[in-house]
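Shown next, in structure tokens, is the structure this report addresses.
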Amino acid sequence: MSPGKANSLRLTELDIPKAEKGQVLLKVLRVGICGTDRDIIEGFYGDAPHGYDYLVIGHESLCRIEEADNEFKRGDLVVPTVRRGCPENCEACRIGMSDMCLTGNYKEHGIKGLHGFGAEYALTDSNYLVKLPESLTDIGVLLEPLTIAEKGIKTAFNMQKSRFPVKPKMALVLGAGPVGLLATALLRLYDIDVDTVATRPDYSLKANLVRQTGATYINSKENPLSSLEGKYDLVFELTGNVEVAMEAQKLARANGIVSFLGIYRHTLESEDIGKIFTDLVLGNRVYFGSVNANRHYFEDGVNHLLGMQERWPSFLNRMITRTFKPEDYSAAYFNKDEEEIKTVISFTEST
């Protein structure tokens with residue numbers, strides 16, 4: 001597609017890329033579709049690699065090594081991380097934390113300055129690959145969205161421990177999309193009681209998946225968010241809805257933490273900012289944002305996918321609600337279904 005040009009997504013033939021020193025050639029099995037992809041397609045953001053007038057999208061992926069190097073062998077099941085460090089090699093990027101880049105000059109596969117994985121073959125740096133066991137072949141494409149929850153939850157835990165060393169008991173997850181459901185399951189693996197809020201009916205797939213983890217599903221159309229004020233040690237906002245994000249700040253109890261993991265469209269809101277800051281100070285609350293994840297969170301995510309698979313055997317498979325072939329990309333990206341959770345494009349008949 002042409003970044004910045006709305007609805008320029010197209011299917012085309014490309015040469016198999018040639019791996020240079022430090023790179024690995026990947027055979028792509030699956031790519032997942034998320035809101036970021038659809039925002040890029042609508043022209044809201046996205047940057048082509050230097051020297052190209054197009055961007056191959058797709059940052060959520062599951063691949064096999066096509067050409068081996070010293071660390072991997074051909075056929076290994078892997079997931080590449082998304083972000084690469086800035087050319088200035090800032091303090092964060094220097095220690096492998098490009099997700100915390102200080103300059104903003106990082107690159108991201110399928111988003112900013114690097115081609116993504118929406119092709120039969122792709123290249124990436126060998127230092128940014130995480131190996132998966134074969135038992136995760138069917139659901140390994142969920143690893144990247146899980147890492148968003150991994151980072152947000154781990155950051156909240158660390159903040160809680162340093163400020164108020166009492167284990168959190170209650171968490172609220174706002175949104176039951178892929179990251180919201182994975183956050184719910186991850187919090188349940190940590191034995192935290194979870195309420196997950198969305199707008200789908202109580203009989204919907206999302207509601208059933210929430211309950212499968214032992215969490216409580218709340219339909220916000222029947223139970224307004226105002227009824228939940230002040231109940232939670234941790235609040236995770238994943239809807240990307242500005243109004244919900246503003247409401248989220250009221251839902252944490254004293255000493256609570258609110259994590260914003262969505263991307264919000266710029267808009268004007270009539271809110272009493274003074275009250276927001278007063279509640280923040282008087283309640284000893286913390287509000288923080290988090291985006292992207294480094295290799296450490298991907299490695300943790302592999303273990304947690306295995307834990308979810310063992311504890312709730314059908315949960316992860318049920319999250320993948322639609323699978324398309326590349327030639328059906330238009331239906332995959334543009335035709336959303338009410339019960340859609342994770343749509344993937346498969347480049348192989350069988351993964």
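Quick notes
- Ordering of 99-105, 331-337 by burial proxy (mean other Cβ atoms within 10 Å per residue, highest first): 99-105, 331-337
- Lysine pairs in region 146-289 with Cα atoms under 25 Å, if 8 or more residues apart or on separate chains: 27
- Counting neighbouring Cβ atoms within 10 Å and putting the fewest first, the residues Phe298, Phe157, Phe315, Phe236 line up as Phe157, Phe315, Phe298, Phe236.
- Pairs of Cα atoms in the chain fall into 20 Å distance bins, from 0 up to the last occupied one, in shares of 29, 59, 11 percent.
- Counted charge near Gln212, where neighbours are those whose Cβ lies closer than 10 Å (Asp, Glu -1; Lys, Arg +1): +4
- Antiparallel %, DSSP beta bridges [both residues in the chain], to 5: 45
- Trypsin sites (Lys or Arg not before Pro) restricted to DSSP loop in region 84-155 with at most 12 other C-beta within 10 Å: none
- Taking the chain and dividing mean pair separation by its residue count, relative contact order in percent (alpha carbons under 8 Å, at least six apart): 17
- For region 244-318, trypsin sites (Lys or Arg not before Pro) meeting the loop criterion (DSSP other than H, G, I, E, B) and having at most 15 other Cβ atoms within 10 Å: Arg265.
- Cross-link partners of Lys73 among lysines (Cα-Cα below 26 Å; sequence separation of 8 or more within a chain): Lys18, Lys21, Lys27, Lys131
- Fewest-first ranking of Ser227, Ser2, Ser259, Ser61, using other Cβ atoms within 10 Å as the exposure measure: Ser227, Ser2, Ser259, Ser61
- Low-density loop positions, chymotrypsin sites (Phe, Trp or Tyr not before Pro), region 189-225 - DSSP coil, at most 12 other Cβ in 10 Å: Tyr203
Bear in mind that the values in this text are calculations on the coordinates, not laboratory data. Since the model is a prediction, treat every value here as computed from it, not as a measurement. Neighbour counts are summed over all protein chains in view; Cβ atoms, including those assigned to glycine, are modelled from backbone coordinates with ideal geometry.
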